[in-house]
Amino acid sequence: MSKKEDRHVWEIAKARVIVSNKKVIAVETEPLVKYCPLHERMLGTTYHTKETVKKHLENKIRSISRLCTPNRILVSKVFGVGLGASETFTTALQNGLIDCMIEPCDGAGTVITNNPEIVQGIGIAMNALISTTPIPEVISRLKELGATVLDPENATIDQIAGLEKAFQLGYKKVGVTIPAAMAKDIEKIRALEKKYNAKAIVCGMHSTGITEDIVPYILQLDFAQTCSSKVMREIVAKKARKVYGKIIPVLAFSEIGQKLLDFRQKESKKNPSALIVGEIKPPQPFI
């Protein structure tokens with residue numbers, strides 16, 4: 001694997017953050033979300049600025065998950081939050097509701113795995129990853145753990161291509177995350193299901209800032225996170241099959257989406273997650 005530029009682009013509180021060589025080198029835009037209960041639980045900061053966003057990601061690089069480094073944590077038995085995407089899909093894998101998961105990982109791009117501890121290891125501390133470049137050590141470790149990296153040479157994030165690769169590998173019930181803003185990709189996903197006679201269970205992520213025109217496609221997903229989205233909370237939630245949680249609600253739109261969230265909700269009551277956000281206020285503002 002040839003050595004490439006080390007550059008990882010994240011979105012945190014709708015601020016664009018650049019990491020290179022294990023350091024946050026730029027916070028290019030102001031955070032639009034000024035308060036997030038998860039961030040408050042993790043760092044104790046109640047108001048987002050460029051500086052708090054920088055500290056948030058630096059903390060994850062140095063200690064929590066060692067993001068964007070060769071020592072990035074890839075396996076975890078710890079559940080971070082109650083109804084997070086990785087927590088929900090991890091529980092689904094453990095209970096046989098899915099047989100594989102597609103998720104993006106810094107330093108590797110789109111990853112395909114049937115190991116629930118990898119699903120949680122990658123996902124427990126993830127923000128919105130916009131783009132990444134290969135970290136050879138991370139890719140090698142994932143392969144040693146039995147995971148498939150879609151594009152080791154470039155660390156491309158392409159969830160649709162990852163899903164097709166999973167179907168080609170013979171998986172029949174595949175969990176996959178996509179950004180809520182790209183919910184129109186559900187049409188490509190459902191076409192792949194028909195082509196391979198398989199099923200994708202799709203979670204919409206990072207919904208803050210989505211526009212109303214995307215709502216019909218959001219409703220075709222299986223479940224989705226509301227984040228700090230005004231559209232999700234005020235329009236989509238009213239049309240959901242079931243709403244889970246109050247502070248940062250998660251919305252089910254299909255029978256299988258509801259089944260996954262029911263399993264996860266039951267499990268989180270038996271084994272509480274590391275971060276409890278039920279006693280504090282929702283994200284602000286809704287945008």
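Derivation of every value follows stated rules applied to the coordinates shown; laboratory data play no part. As the structure is a prediction and not an experimental result, all values here were calculated from the model. Ideal geometry is used to build each Cβ from the backbone, glycine not excepted, and the neighbour counts take in all protein chains shown.
Listing for the model above:
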| quantity | calculated |
| --- | --- |
| Whole-angstrom gap from region 213-268 to region 122-144, using each part's C-alpha centre | 27 |
| Packing-based order for 158-165, 26-33, 79-86, using average beta carbon neighbours within 10 Å, highest first | 79-86, 158-165, 26-33 |
| DSSP beta bridges in region 76-270 [antiparallel fraction, %, rounded to 5] | 50 |
| Whole-number percent relative contact order across the chain, with pairs defined as alpha carbons under 8 Å at least 6 apart | 19 |
| Estimated dipole of region 76-270 in Debye, rounded to 20 [Cβ of Lys and Arg +1, of Asp and Glu -1, Cα centre] | 860 |
| Rg/Rg_globular for region 1-53, with Rg_globular taken as 2.2 N^0.38 Å and Rg from C-alpha atoms | 1.31 |
| Mean ellipticity per residue at 222 nm, deg cm²/dmol - from DSSP H runs of n ≥ 4 across the chain, formula -39500 (n - 2.57) | -8500 deg cm²/dmol |
| Whichever aspartates and glutamates have a C-alpha closer than 20 Å to that of Lys246, once near sequence neighbours (fewer than 8 apart) are set aside | Glu40, Glu87, Asp222, Glu234, Asp262, Glu267, Glu279 |
| Calculated log₁₀ intensity ratio I(q)/I(0) where the Debye formula runs over C-alpha points of region 76-270, q = 0.09, 0.13 Å⁻¹ | -0.29, -0.63 |
| Selection from Gly44, Pro31, Gly109 lying farthest towards where the dipole of the chain points positive, charges on Cβ | Gly44 |
| Whole-Å semi-axes of the ellipsoid equivalent to region 26-79 (Cα gyration tensor, √5λ, descending) | 22, 15, 8 |
